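Working notes for the structure below.
The values are calculated or read from the model by the stated rules, or taken from the named source; none is laboratory data. In this text, all values refer to a predicted model and were calculated from it rather than measured experimentally. Don't worry about glycine lacking a Cβ; one is built from the backbone with ideal geometry, like all the others, and counts go over all protein chains shown.
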Amino acid sequence: MEHRVAIVGAGVSGLACGVLFAERGCRTAIFAEETAQGTTSAAAAAVWFPYDAEPADAVIAWALETYRLLVNLARERGTGVSIIELRQFSRTDEIQKIPQWAIPFGARQINRDEVLPAFTSGFTLNVPLMDTTIYLDYLAKRFLAAGGEINGNVRFEKLEDVSPAFDLVINCAGIGARELVQDIDLEPHRGQVAIVPKIDNLSCAIVCDDPPFMYAIPRTNDCVFGGTNEISDNLDADPTATVRILDECSRVLKVDNPTVLAERVGLRPFRKSGVRLERDRLRDGRTVIHNYGHGGSGFTLSWGCVEEVFRLIEKPSAAATG
């Protein structure tokens, strides 16, 4: 594949694209306003689980493809990927159903005596966890080692502004695609987290999607408490939300007054008509592949979507339109 490739966006989707293009011999450069720990991806809890993204059938297929690759990365040192038990709980009277796709992964119903007092039921399975403080840097270093180039503090008004020296453009702009390609289907689903010190005896990820939405994700050096999921483009940390997150997570885990090490806010790029993963042409005739709108599943879908990008380049008729 002989292309000069420009990737717009340096979150997990842009970095994953960059790695595969560069390692397959393409001259590849990433352009973004924010890079590394300044991206929306850096604010993510980054536990593998399909969430807040459509369409379901395509999302599950991409997620499963990503799962297989992440399991391999978890065997390597320094990647920031590990395998963790995820416990998905419900607050309703109905038994939490195990998704069909999760059964082959050994998912099982949580026994009544294992259900935390705040919940009524749940299921458990082992999934990859990406520690964003390590994993994003690992991807960036891998990309650079393959000859890639990262350009920060770059803002394009439109994709045609990418230098004509690049014959292929990959749009991984996330929520930035609202302005970049005037996509009115994109909604910013605001997520706020509080980073706290490691919690004694918390070795699994705790998640509940029922109101009040919460999760607690133990990482290598700390723990991520969340969360929120509201339509807003406000990137400022809300002290009231932090208090609410701490109160709920502390109540569920029975811990007292954890210290807040940091507060992070990210905008999940949810697309009402589904993930946009398709081949297109710019007004100047160059090929562009759109790869955005992953909602809360950016890490979960990343590698599967990159492989789909390659399939779209090789077989234009196979384009998946969201």
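In table form, for the structure just shown:
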read-out: Pick from the stretch 82-91, criterion among the hydrophobic types (A, V, I, L, M, F, W, C) and surrounded by 15 or more Cβ atoms within 10 Å (Cβ to Cβ), ranking: farthest from ARG219 (Cα to Cα); value: PHE89
read-out: Residue match in the stretch 22-37 (condition: of a type in the set (Val, Ile, Thr) and closer than 27 Å to ARG190 by Cα); value: yes
read-out: Some residue of the stretch 42-60 being modelled with pLDDT under 95, assigned to a helix (DSSP H, G or I) and buried (at least 24 other Cβ atoms within 10 Å of the Cβ); value: yes
read-out: Matching option when the condition is within 20 Å of the chain's Cα centre (by Cα), among the hydrophobic types (A, V, I, L, M, F, W, C), over 18 Å from GLY122 (Cβ atoms) and at pLDDT 95 or above, among VAL207, VAL193, VAL169; value: VAL193
read-out: Identity of the residue in the stretch 139-149, over 20 Å from the mean Cα position of the chain (by Cα) and surrounded by fewer than 20 Cβ atoms within 10 Å (Cβ to Cβ), that ends up farthest from ALA74 (Cα to Cα); value: GLU149
read-out: The lone exception for LEU144 - which of (1) in contact with a strand residue (DSSP E or B) (Cβ under 9 Å, 6 or more places away or on another chain); (2) within 20 Å of SER302 (Cβ to Cβ); (3) in contact (Cβ under 8 Å) with a residue 40 or more places away in the chain; (4) not charged (D, E, K, R) it fails; value: (3)
read-out: Single match in THR28, THR79 (criterion: of a type in the set (Ser, Thr, Tyr), part of a loop (DSSP other than H, G, I, E, B) and crowded, with 18+ Cβ neighbours inside 10 Å); value: THR79
read-out: Failed condition for PRO104, given (1) farther than 30 Å from GLU248 by Cα; (2) surrounded by 19 or more Cβ atoms within 10 Å (Cβ to Cβ); (3) modelled with pLDDT under 95; value: (2)
read-out: Odd one out for GLN37, checked against (1) part of a strand (DSSP E or B); (2) surrounded by fewer than 22 Cβ atoms within 10 Å (Cβ to Cβ); (3) of a type in the set (S, T, N, Q); value: (1)
read-out: Some residue of the stretch 106-122 being assigned to a helix (DSSP H, G or I), under 30 Å from GLU34 (Cβ atoms) and in contact with a strand residue (DSSP E or B) (Cβ under 9 Å, 6 or more places away or on another chain); value: no
read-out: Any hit, the stretch 10-20, residues being within 13 Å of CYS172 (Cβ to Cβ), assigned to a loop (DSSP other than H, G, I, E, B) and not polar (S, T, N, Q); value: yes
read-out: SER297 over 24 Å from LEU69 (Cα atoms), of a type in the set (S, T, N, Q) and either free of Cβ contacts under 8 Å to residues at least 40 places away in the same chain or buried (at least 22 other Cβ atoms within 10 Å of the Cβ) (or both); value: no
read-out: Meets criteria (outside any loop (DSSP other than H, G, I, E, B) and either surrounded by 19 or more Cβ atoms within 10 Å (Cβ to Cβ) or under 14 Å from the mean Cα position of the chain (by Cα) (or both)) for VAL71; value: no
read-out: Cβ pairs under 9 Å, 6+ apart, first in the stretch 189-204 and without any contact (Cβ under 8 Å) to a residue 60 or more places away in the chain and surrounded by fewer than 20 Cβ atoms within 10 Å (Cβ to Cβ), second assigned to a strand (DSSP E or B) and of a type in the set (Ser, Thr, Tyr); value: none
read-out: Selection from the stretch 123-138 of residues that are outside any helix (DSSP H, G or I) and within 20 Å of the chain's Cα centre (by Cα); value: LEU125, ASN126, VAL127, PRO128, LEU129, MET130, ASP131
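One line per residue, one yes/no per condition, for (1) of a type in the set (Val, Ile, Thr); (2) in a loop (DSSP other than H, G, I, E, B); (3) under 20 Å from GLU34 (Cβ atoms); (4) touching a His at 6+ places or on another chain (Cβ under 9 Å):
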position: ARG244; (1), (2), (3), (4): no, no, no, no
position: CYS249; (1), (2), (3), (4): no, no, no, no
position: GLU263; (1), (2), (3), (4): no, no, yes, no
position: PRO269; (1), (2), (3), (4): no, no, yes, yes
position: SER273; (1), (2), (3), (4): no, yes, no, no
position: ARG279; (1), (2), (3), (4): no, no, no, yes
position: GLY296; (1), (2), (3), (4): no, yes, yes, yes
position: LEU312; (1), (2), (3), (4): no, no, no, no
